[in-house]
């Protein structure tokens, strides 16, 4: 009989993981802008750690596609690219449609209540003049759906793509008009879930993400109206 090795995880997240999470979140949330140079020494001094965990964290983000390596200089935050937006939206549509169809079949009453609560809170925040709160509420809405699918792998894929899209979408989310449109998109998805409408939920998700794409095009790329037709 083969010997079974017992594995265990001890302690808190490593310094590398903490550095990676902090820098990555700043990039995805727009606090570190496209084109900005990521210098190991400077970052290590700011974070008050050695250069090794910073170097490892930057290398991980290069593999993710957030950074690009510059010989003899270090790393630079990759520029925003419209082709990437279209690709992310198309893949998200496929993944989240599958996740929501599975969620319709497997969702617990508690998860359904959590979605309803999320929609109420989203509308309340807008009424109170705080559209920026939708950044977290939007993430929570899609997170609940992905978790309700019952697939850990699908959850991971949905989370990764949504985080990448946030980098493009962050400015458009701060507009009250755009947030209200996004909430209407969530409501349409929610209506399909309540009706257990597996057939039409995919179209609701596609319409929701297409609207997000239009908002990104306008706010992240400064393209609107007739000019946008050249990107279609």
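Would you list 89, 158, 192 from fewest to most Cβ contacts within 10 Å?
Details: 89 18, 158 24, 192 21.
The fewest-first ordering by Cβ neighbours comes to 89, 192, 158.
Counting only C-alpha contacts under 8 Å and six or more residues apart, can you give the relative contact order of the range 15-77 as a whole percent?
On the way: 63 pairs, mean separation 26.8, N = 63.
43 percent.
Report the gain in length on full extension from residue 42 to residue 25: 0.36 nm times residue separation, minus Cα-Cα distance, nm rounded to one decimal. All intermediate terms of the calculation are to be shown ahead of the outcome.
Values: separation 17, 0.36 × 17 = 6.12 nm, distance 1.79 nm.
Separation in residues times 0.36 nm, less the Cα-Cα distance, equals 4.3 nm.
For the chain, modelled as a Gaussian network with Cα springs under 10 Å, which listed residue fluctuates most, 205, 193, 47?
47
Under the definition of Cα pairs under 8 Å and six or more residues apart, what whole-number percent is the relative contact order of the chain? Can you show the working numbers first?
Numbers: 234 pairs, mean separation 46.8, N = 232.
Contact order relative to length: 20 percent.
Put a dot 7 Å past each Cα toward the Cβ at residue 198 and residue 68; how far apart are the dots in nm?
Result for the modelled spin labels: 4.4 nm.
Which order do 196, 78 fall in if you start with the one that has the fewest other Cβ atoms within 10 Å?
Working: 196 12, 78 18.
Ordered by Cβ neighbours within 10 Å, fewest first: 196, 78.
Kindly provide the helix-only [θ] at 222 nm of the chain, computed as the sum of -39,500 (n - 2.57) over DSSP H runs of four or more divided by all residues, to the nearest 500 deg cm²/dmol? Don't jump to the answer; show the numbers that get you there.
Details: 9 runs with 159 residues, N = 232.
Computed ellipticity for the chain at 222 nm equals -23000 deg cm²/dmol.
Apply 1/(1 + (r/R0)^6) to the Cβ-Cβ distance of residue 52 and residue 82, taking R0 = 30 Å, and write down the FRET efficiency to the nearest 0.05. Can you show the working numbers first?
Numbers: r = 36 Å, r/R0 = 1.20.
It comes to 0.25.
Running a GNM on the chain with Cα contacts under 10 Å, which residue among 203, 177, 128 ends up with the highest mean-square fluctuation?
Result for the chain, Cα springs under 10 Å: 128 fluctuates most.
Only the coordinates and a few stated rules stand behind these numbers; no lab work does. Everything numeric here is computed off the predicted structure, so don't read it as measured data. Every residue, glycine among them, receives a Cβ derived from its backbone with ideal geometry; neighbour counts consider all protein chains shown.
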